[in-house]
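Taking it in order: structure first as structure tokens, then the write-up.
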């Protein structure tokens, strides 16, 4: 019976020795759980939503319908209450208190992330996840968006044409998210490793699949995720024998190693006359002492790239796909977006003649209706009529899609707000703009719900515009 329970919790991939070891671990975790619950008592003043089973708590009810769970609990307990889910007591606050929470010095998103996912152990470098990445992104990507835009637009068009360029009339894609992922991986690589290395197929493949590979390993955790301490121990067990990041780190090392060595050598030999490349790879090199050996620099940079790719490609892909499906589901608003695009690009051509494809950084920024369309996807925070999709809700209100606030938490808020949101929003707006400019996007099955709450899925048809 014990072995059966372990197989249900962990999956059937464990051997006998592993089962015995983890069986002891479960006993210890349960003891720790009971001790912690006894010590915590009722120290917190906010009410705890009742639950029936220890360890499981309200996890299943929460996972079944989070919005309904929150709505029901708010009606009963007010805007602040606690819930026991995924092995932890967590406090839920209404949006009127969000600002107080995220600006509190005790609130730390990175530490909270480490409580559920041991990325440090996976990368094996002993550093905190992205210790330098927020600062690096803030100082080197955001201020240089104007300079990076031409290469990003070029790669997005190139990738789109690889998928849709041969279409005569129309094409139906069963999973268009794969195309969006390819576009974002290629465009982002041009900024991450430069316009030469971004053509490396191995690097692009790693950029596209590393997050999925890591996610597939984490799925093996199963219900053990309900016991956080044991979950971290189990992650280390998994990462020791089947580390999903190892092969991808090796790819990044292999791809960037010769370039890192060449750049370091040229910088030493040419001094101030050296023509410094403009990309994140060089920014990462510059962050490290110049006297470090090239192999060490390459390994450190490769680990940093794993964190950067893990945090950016997948989320930007998901958000871009969400907008793409919305264009199909709410086609009645597309013409207004196209009219805005046409006017903005014409104005941009007059101000900055010769811009490739017309999509300059300033032009993309001026697409206010598209900004509002993107921002509408946090629909549960959108004022008195949150259930109604209103794509122009934020037009002329100084609320761009990159501007965080209590009514738009997709990128966090306060000092923990995503530093890469400006780059991400520019990529999303550009992807949406160039696709809808050339293709009409429709659902082959128009009976599909127009809800934007669920992850986008299903086929899309791309019909070439005249």
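The values are calculated or read from the model by the stated rules, or taken from the named source; none is laboratory data. Since the structure is predicted, the reported quantities are computational estimates derived from the model, not experimental observations. Because the Cβ atoms are built from the backbone with ideal geometry, glycine has one as well, and the counts that use them run over all protein chains shown.
Odds and ends about this structure:
- Being within 23 Å of the chain's Cα centre (by Cα) and modelled with pLDDT of 95 or more is a property that residue 379 lacks.
- Residues being in a helix (DSSP H, G or I) and surrounded by 17 or more Cβ atoms within 10 Å (Cβ to Cβ) - total across region 238-264: 14
- None of 356, 349, 340 is closer than 24 Å to residue 462 by Cβ, surrounded by fewer than 21 Cβ atoms within 10 Å (Cβ to Cβ), in contact with a helix residue (DSSP H, G or I) (Cβ under 7 Å, 6 or more places away or on another chain) and free of Cβ contacts under 8 Å to residues at least 60 places away in the same chain except 340.
- In region 122-132, the residues that are part of a helix (DSSP H, G or I) and either at pLDDT below 80 or over 22 Å from the mean Cα position of the chain (by Cα) (or both): 123
- The listed residues are 277, 289, and the only one of them that is surrounded by fewer than 14 Cβ atoms within 10 Å (Cβ to Cβ), under 23 Å from residue 136 (Cα atoms) and either modelled with pLDDT under 95 or under 29 Å from the mean Cα position of the chain (by Cα) (or both) turns out to be 289.
- Residue 297 vs. criteria touching a residue at least 24 places away in the same chain (Cβ under 8 Å) and over 21 Å from residue 213 (Cα atoms): yes
- Among the residues of region 195-217, those identified as closer than 23 Å to residue 63 by Cβ and crowded, with 19+ Cβ neighbours inside 10 Å are 211, 214.
- Residue match in region 1-19 (condition: over 24 Å from residue 235 (Cβ atoms) and either at pLDDT 50 or above or out of contact with any strand residue (DSSP E or B) (no Cβ under 6 Å at 6 or more places or on another chain) (or both)): yes
- Where a residue in region 262-289 is on the phi > 0 side of the Ramachandran plot and touching a residue at least 24 places away in the same chain (Cβ under 8 Å) and its partner, wherever it lies, is assigned to a loop (DSSP other than H, G, I, E, B) and surrounded by fewer than 16 Cβ atoms within 10 Å (Cβ to Cβ), with Cβ under 8 Å and at least six apart: none
- Qualifying residue in region 342-364 (condition: in a helix (DSSP H, G or I), modelled with pLDDT of 90 or more and touching a strand residue (DSSP E or B) at 6+ places or on another chain (Cβ under 9 Å)): no
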